Amino acid sequence: MEKVGVVVIGAGVVGLAIASEIAREDREIYVLEKETAYGQATSSRNSEVIHAGIYYPKGSLKADLCVEANPMIYEICREHNVPHSRIGKIIVANGEEEIRQIEGIIKNATECGARDLEMIDADRVHELEPNVKADAAILSPTTGILDAHGLMDHFHREARRKGGSDPVVLDTEVTGLEQKGDGYEVEMVSGGEAFSVEARVVVNSAGLHADTVAEMAGIDVDEAGYRIHWCKGDYFSLTGRPPARMLVYPPPPLDAASLGIHTVPDLTGRLKFGPNAYYVDEISYKVESDRDEFWRDIVKYLPMIGREDLHPDMSGIRAKLQAPGDPVRDFVIRHEEDKGFTGLINLIGIESPGLTASPAIAEMVAGMVDEFF
Ligand SMILES: Cc1cc2nc3c(=O)[nH]c(=O)nc-3n(C[C@H](O)[C@H](O)[C@H](O)COP(=O)(O)OP(=O)(O)OC[C@H]3O[C@@H](n4cnc5c(N)ncnc54)[C@H](O)[C@@H]3O)c2cc1C
């Protein structure tokens, strides 16, 4: 059986970022991806926002890795011509209760290290975005947007350059993981045929299926708290001229499942709104939400939007560790040595801000991988 150094399961933005960080000419790596192209799952179905690290609990991986990665992403984009724009973001508040809510948010965000945040009043909001209705807002100038595929292409190029060959193997689904010797036998179906390789280290970055992959290795995912709950978010696009240039967010809903329906400008000048959040049992990317519910949320801060201007656009599915009604959960990024799985590194529950955090996640995982070589 072929022996390799590292098998990374899943070629989304996280698996590709990890490959770009761990690739070496003297270390054989495979990145196994079940689809026929990389980045076809959650990494291409999101808001493409470069987050500043505003909402996450202090000391969490989500907060720390996002704050660390925000300037890294801008540097990567600048140096490697990944399309992006630092358009800035406002989180708007209408009424006393929402103002108190965003005051709490800016306090937490500042303690987490999010950069250059500022409370602004209604006049300043009007100067920045004349169509937006707000009594006050948090201004985040380091929030921006990027081309997620451009970022993945960059990580893919880096992995090839550093390793001297292309580590990504498409149309290859991992179907089994078994501890063998000082590593793992990784079973897969590649182009319809069954294969196995032996890997010293396995990195599980299988996104929506990371719990299934952990289970294959023999981890009791319910006992470990690794069961993933799929939480879908739909987007509606706007016809006509965008009424705002920046990212405009409401205060987040109190259920902690999403950031609230916000403007999602893209680099072509189109504007979408979304995503909402609802739990699902199957993976379908059909937009199923009620347009009027979206519209009612949007007109609270952009009153000129007509409901007929909104059209079902796309959706994405979050790999959430938090079940409906549960408090927010952090990313799981760990070498499972203490569970008896030396050489297995699990990444589970990598929902937002996983796109932004990807280069910092990759550095963290590379530190774990390097201990084996
Ligand atoms: C609606 C929505 C909006 C979001 N907005 C933002 C945002 O604006 N900014 C931000 O920073 N983050 C955002 N995120 C989060 C971000 O998109 C994710 O954190 C990130 O894309 C996760 O990347 P990943 O590589 O872990 O997962 P994925 O992109 O899902 O990649 C996992 C890969 O594993 C493959 N795979 C699974 N099982 C197997 C197997 N058995 N064998 C082989 N391959 C397998 C899949 O095919 C897939 O390609 C958003 C997410 C959603 C859902």
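The values are calculated or read from the model by the stated rules, or taken from the named source; none is laboratory data. Because the structure is a prediction, the values reported are computed rather than measured. In this analysis, Cβ positions are derived from the backbone assuming ideal geometry, glycine residues included, and neighbour counts consider all displayed protein chains. Note: accessible area is taken over every heavy atom of the protein model, side chains too, but ligands, DNA and RNA are not part of it. Shrake-Rupley method; radii C 1.70, N 1.55, O 1.52, S 1.80 Å.
For this structure, a couple of remarks:
- CD proxy at 222 nm, helix term only [per DSSP H run n ≥ 4: -39500 (n - 2.57); per residue of the chain; nearest 500]: -9000 deg cm²/dmol
- Scattering curve values for the stretch 143-212, log₁₀ I(q)/I(0), Debye with Cα scatterers, q = 0.11, 0.25, 0.28 Å⁻¹: -0.39, -1.22, -1.23
- Accessible-area value, T36, 1.4 Å probe, nucleic acids and ligands omitted, Å²: 110 Å²
- Radius, Kirkwood style, for the stretch 95-198 when every pair of distinct Cα atoms is counted (Å): 19.1 Å
- Measuring nothing but protein heavy atoms, the accessible surface of the chain at 1.4 Å probe radius is 47 percent carbon and sulfur.
- The relative contact order of the stretch 19-151, computed from alpha carbon pairs under 8 Å that lie at least 6 residues apart in sequence, is 33 percent.
- The Cβ shell under 14 Å around I317 holds other residues with a net charge of -1, Lys and Arg each +1, Asp and Glu each -1.
- Estimated distance in nm for a label pair at D292 and A122, the labels positioned 7 Å out from Cα along Cα-to-Cβ: 3.0 nm
- Restricting the calculation to Cα atoms, the stretch 44-83 yields a radius of gyration followed by a Dmax of 11.5, 33 Å.
- Over 20 Å [Cα-Cα, the stretch 47-139], rounded percent: 44 percent
- When Rg and the Kirkwood Rh are both derived from Cα coordinates, the Rg/Rh ratio for the stretch 209-251 amounts to 1.34.
- Available extension along the chain between N108 and F372 is 91.3 nm, counting 0.36 nm per residue and deducting the alpha carbon span.
- Looking at the chain alone, DSSP beta bridges between its own residues are antiparallel in about 75 percent of cases.
- Accessible area per residue in Å² at 1.4 Å probe, computed on the chain: 42 Å²
- For E97 and M1, the difference between the fully extended length at 0.36 nm per residue and the C-alpha to C-alpha distance is 28.3 nm.
- For the stretch 296-373: relative contact order, % (alpha-carbon pairs under 8 angstrom, 6 or more apart): 22 percent
- Scaled radius of gyration (Cα, divided by 2.2 N^0.38 Å) that the stretch 294-357 gives: 1.77
- Taken as Cα centroids, the stretch 347-373 and the stretch 224-246 sit 23 Å apart, rounded to the nearest whole angstrom.
- Over all distinct Cα-Cα pairs of the chain, the Kirkwood formula returns a hydrodynamic radius of 21.3 Å.
- Near-label residues of the stretch 269-303 by backbone N, under 14 Å of a point 7 Å along Cα→Cβ of S85: 269-272
- M304 exposes around 90 Å² of accessible area when a 1.4 Å probe is run over every protein chain in place.
- For the listed residue pairs K232/K286; K89/K272; K133/K232; K58/K300; K62/K286, the alpha carbons are over 19 angstrom apart in K133/K232; K58/K300; K62/K286.
- Cα-only Debye scattering, the stretch 246-331: base-10 log of I(q)/I(0) at q = 0.11, 0.17, 0.18 Å⁻¹: -0.34, -0.80, -0.89
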